[in-house]
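Please read the structure below before turning to the comments.
The values are calculated or read from the model by the stated rules, or taken from the named source; none is laboratory data. This structure is a prediction, so every number in the text was calculated from the model and none was measured. Neighbour counts run over all protein chains shown; Cβ positions are idealised from the backbone, glycine included.
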Amino acid sequence: MAEKNNADGNRKDEQLEQFRAEDAGKKLTTNQGLKVSEDEFSLKAGERGPTLMEDFHFREKMTHFDHERIPERIVHARGFAAHGEFELYESLKDFTKADFLQDTSKKTPTFVRFSTVAGSRGSAETVRDARGFATKFYTDEGNYDLVGNNIPVFFIQDAIKFPDLVHALKPEPHNEMPQAASAHDTFWDFVANNQESAHMVMWAMSDRAIPRSFRMMEGFGVHTFRLVNDEGKAHFVKFHWKPVLGTHSLVWDEAQKISGKDPDFHRRDLWESIDKGDYPEYELGLQLIAEEDEFKFDFDILDPTKLWPEEDVPVKIVGKMTLNRNVDNVFAETEQVAFHPGHVVPGIDFSNDPLLQGRLFSYTDTQLSRLGGPNFHELPINRPVCPFHNNQRDGISRQTINKGQVSYHKNSLAANTPAPASEEEGGYVHYQEKVEGRKVRSRSESFKDHFSQATLFWNSMSEPEKQHLKDAFSFELGKVKNKSVQQQVVDMFENVSLELAAAFAEAIDATPPKGLGSNVEKSSPALSQLNTVKKPNTRKVGVIVGQNVDGEATVVLNTLKEEGIKTELISDKLGKRETSDGTEHEVMHTFLTASSVLFDAIYLVGDRDVSSKFKQDALYFVKEAFSHYKPIGGTHEGLTWLKEAELLDNPGVVSGDNMKQFAKDFTEAISAHRHWDRQVNL
Ligand code: HDD
């Protein structure tokens, strides 16, 4: 392995290589390496007799199997991960001494695990929830973990409330329902009685909580951290990941249908994209506030329920992470990876955010039961790429064979080694913030404004996004059984927006809000997804064809491909289709195996020579996609069908006879993601 990370190769990959095993083509053995001669029949006393205790092969196989499962994560149990690399655009020497943020010629290996929060390990992926976005940087100075979410704020201000939040959010304990959903009484009871949650609840009810793809979501470190440079000067910092493809979401009806049609929707999307070489990319952004400016804001920068509006504190883009390798084994890597916000490197430090402070305890602690003891740092995925030495010894499943007589500090027998490193030698020295105070269990006055930024978020939404929020609140509270809880939530959110609270109060038949609403007028355009990057790249188009396909459709498919758009053919039967120009296409899906909700857009080519059932199925696809505001394209017979169904002349519905022009217009419609100004009226 190279001594340091550099632009060539990936040291983590090289390290993992030592642990990879290729079983194909080998003889079957026991764990002791003994070749076995038979693996289908247990050892019996006679062909029809009882199994013998002596059958060590059976016992070993069964014992291992009986213990294959480990406890799932307390939260974020459902997740999927990939390997990547981080490269820096410009040196951050002025702000931090972190080695991996100095040199633009260096590539730092990373491992990212995306997750939902509430659901169990086998739950559906497109549920309404925050998404975890946890990144491990394997730096030359040790592992640095940025354990964030796709939402920049959190429900609570103090970690001591985390168990309460999670108990309220998870399925209710008496009947273990509902799975992976916040739409139930205990969650909303928690919200109404812990009003610091208002801001994050707005995000959780917004489109952010139903991302189109892990590749199309932002990531946030959430807390205020500190960057410290080699002169000891500190800046407060918030970390951002900005997806190069922009931030895009599903619509709620679609998300719920995907939960049934493909509960693995997000992992499949990530896996397939990496597999095809469409590597997801995220730019790293920093918001920086000089220490002396700590009190210049109308919120407390230590409060994790507050964001720093990008218009006030610009996001400085400093580097890019590319996810370019799928895991070899989900259990060994994705399941056994252990993140911890306290895994830092020199130059990155904490703030006194009370949520962060509590997290610093919880993460190592939770691994002790989940990964079975204190040696989880030795698991291949968790090992740093730099050496590690200390006097910690033994424990369950210890891998390292520490040599020598001495396992204590200080000592003379080993010349007092391993020895602490000075700051110059790379030793981590905590930022010497002056701290003074009485021991109190209380919260600063500056943490008590729970609504201004919730309103800021509301004010920043476009009309369709506001409508989605009203619908989401109406859905969630419509599922709440307790009338008092429903009313408490209406009464709480009138402090955020009268319009919002009135809308869902009406939908759930609660007493309308009577208050004055909020007087916050500020907005932050960066918060609206309508202002995000729009690109056609990697969008997936379902192309509906019959048995006979006009050769001109090939022109369209080729042009879309040139734009980076993926096309997949759908018909009533699988098989090859030869177009009239002699090109061959493979039908990948049937109306039974696919669904419009699994595509970004539908292109209806159709065929004159089809049954009425075919036409009905095809139009069902198209109409459903239409109702989800997706781009629809129609040429040939498809155009006629769109006309008959009265879908033409709608925003985002593209048709035409000139194939080049059609492909161009359709690409534009696909880039727009969704066409909200469509009057859905089917
Ligand atoms: Fe946490 C997992 C993110 C607050 C305690 N958390 C976990 C994961 C992510 C986050 C992404 C999954 C990591 C992975 O993929 O393995 N958590 C957050 C964010 C928070 C937050 C962004 C607020 C800003 N978490 C938080 C608090 C506590 C925890 C306040 C407790 C004091 N989180 C945990 C945990 C988990 C966890 C119970 C479960 C599995 C694990 O740690 O490794 O310890």
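Summary table
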| quantity | calculated |
| --- | --- |
| Selection count, the stretch 332-360, where residues are under 19 Å from LYS434 (Cβ atoms) and out of contact with any Pro (no Cβ under 9 Å at 6 or more places or on another chain) | 4 |
| Matching residues, the stretch 226-268, being touching a strand residue (DSSP E or B) at 6+ places or on another chain (Cβ under 6 Å), charged (D, E, K, R) and either part of a helix (DSSP H, G or I) or closer than 21 Å to PHE80 by Cβ (or both) | LYS242, ARG267 |
| Boolean, ASP353 is buried (at least 19 other Cβ atoms within 10 Å of the Cβ), over 22 Å from the mean Cα position of the chain (by Cα) and either within 10 Å of the ligand (Cβ to nearest atom) or basic (Lys, Arg) (or both) | yes |
| Set LEU592, LEU598: member being surrounded by fewer than 20 Cβ atoms within 10 Å (Cβ to Cβ), under 20 Å from PHE614 (Cα atoms) and assigned by TED's automatic domain parsing to the domain that holds LEU619 | LEU592 |
| Residue within the stretch 135-156 that is within 9 Å of the ligand (Cβ to nearest atom), surrounded by fewer than 23 Cβ atoms within 10 Å (Cβ to Cβ), charged (D, E, K, R) and not in a strand (DSSP E or B) present | no |
| Single residue of the stretch 118-129 satisfying the filter (surrounded by fewer than 24 Cβ atoms within 10 Å (Cβ to Cβ) and of a type in the set (A, V, I, L, M)) that is farthest from the ligand (Cβ to nearest atom) | ALA124 |
| Selection status of ALA454, among the aliphatic types (A, V, I, L, M), modelled with pLDDT of 95 or more and within 34 Å of the chain's Cα centre (by Cα) | yes |
| Number of the exception - LEU619 against (1) without any contact (Cβ under 8 Å) to a residue 40 or more places away in the chain; (2) of a type outside the set (D, E, K, R); (3) touching a His at 6+ places or on another chain (Cβ under 6 Å); (4) not in a loop (DSSP other than H, G, I, E, B) | (3) |
| Where a residue in the stretch 111-133 is under 11 Å from PRO263 (Cβ atoms) and its partner, wherever it lies, is of a type outside the set (A, V, I, L, M) and modelled with pLDDT under 95, with Cβ under 7 Å and at least six apart | none |
| Residue list for the stretch 529-560, filter: in a helix (DSSP H, G or I), modelled with pLDDT of 95 or more and among the hydroxyl-bearing types (Ser, Thr, Tyr) | THR559 |
| Lone unmet requirement of (1) in contact with a Gly (Cβ under 9 Å, 6 or more places away or on another chain); (2) in a loop (DSSP other than H, G, I, E, B); (3) modelled with pLDDT of 95 or more for LYS573 | (1) |
| Enumeration of residues in the stretch 379-416 that are on the phi > 0 side of the Ramachandran plot and over 37 Å from the mean Cα position of the chain (by Cα) | GLY404, ALA415, ASN416 |
| In the stretch 653-682, the residues that are under 35 Å from the mean Cα position of the chain (by Cα) and modelled with pLDDT under 95 | ASP677, ARG678, GLN679, VAL680, ASN681, LEU682 |
| Neighbours by Cβ (under 9 Å, 6+ apart or cross-chain): first from the stretch 58-77, more than 16 Å from the ligand (Cβ to nearest atom); second in a loop (DSSP other than H, G, I, E, B) and modelled with pLDDT under 95 | none |
| Among the candidates PRO263, PRO304, residue that is more than 30 Å from ASP103 (Cα to Cα), within 16 Å of the ligand (Cβ to nearest atom) and not hydroxyl-bearing (Ser, Thr, Tyr) | PRO304 |
| Long-range neighbours under 8 Å by Cβ, at least six apart or interchain, first residue touching a residue at least 40 places away in the same chain (Cβ under 8 Å) within the stretch 415-427, second of a type in the set (Val, Ile, Thr) and surrounded by 12 or more Cβ atoms within 10 Å (Cβ to Cβ) | GLU423/VAL429 |
| Qualifying positions in the stretch 219-268 - more than 17 Å from VAL345 (Cα to Cα) and of a type in the set (Ser, Thr, Tyr) | THR247, SER249, SER259 |
| Every residue from the stretch 374-395 that is free of Cβ contacts under 8 Å to residues at least 40 places away in the same chain, outside any helix (DSSP H, G or I) and within 15 Å of the ligand (Cβ to nearest atom) | PRO374 |
| Checking LYS27 against (1) closer than 21 Å to PHE339 by Cα; (2) part of a loop (DSSP other than H, G, I, E, B), the condition it does not meet | (1) |
| Failed criterion for GLU562 (all others in (1) surrounded by 14 or more Cβ atoms within 10 Å (Cβ to Cβ); (2) under 30 Å from TYR282 (Cβ atoms) hold) | (1) |
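Rundown of residues vs (1) crowded, with 16+ Cβ neighbours inside 10 Å; (2) under 23 Å from the mean Cα position of the chain (by Cα); (3) more than 10 Å from the ligand (Cβ to nearest atom), yes/no style:
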site: GLY347; (1), (2), (3): yes, no, yes
site: ARG359; (1), (2), (3): yes, yes, no
site: THR364; (1), (2), (3): no, yes, no
site: GLY372; (1), (2), (3): no, no, yes
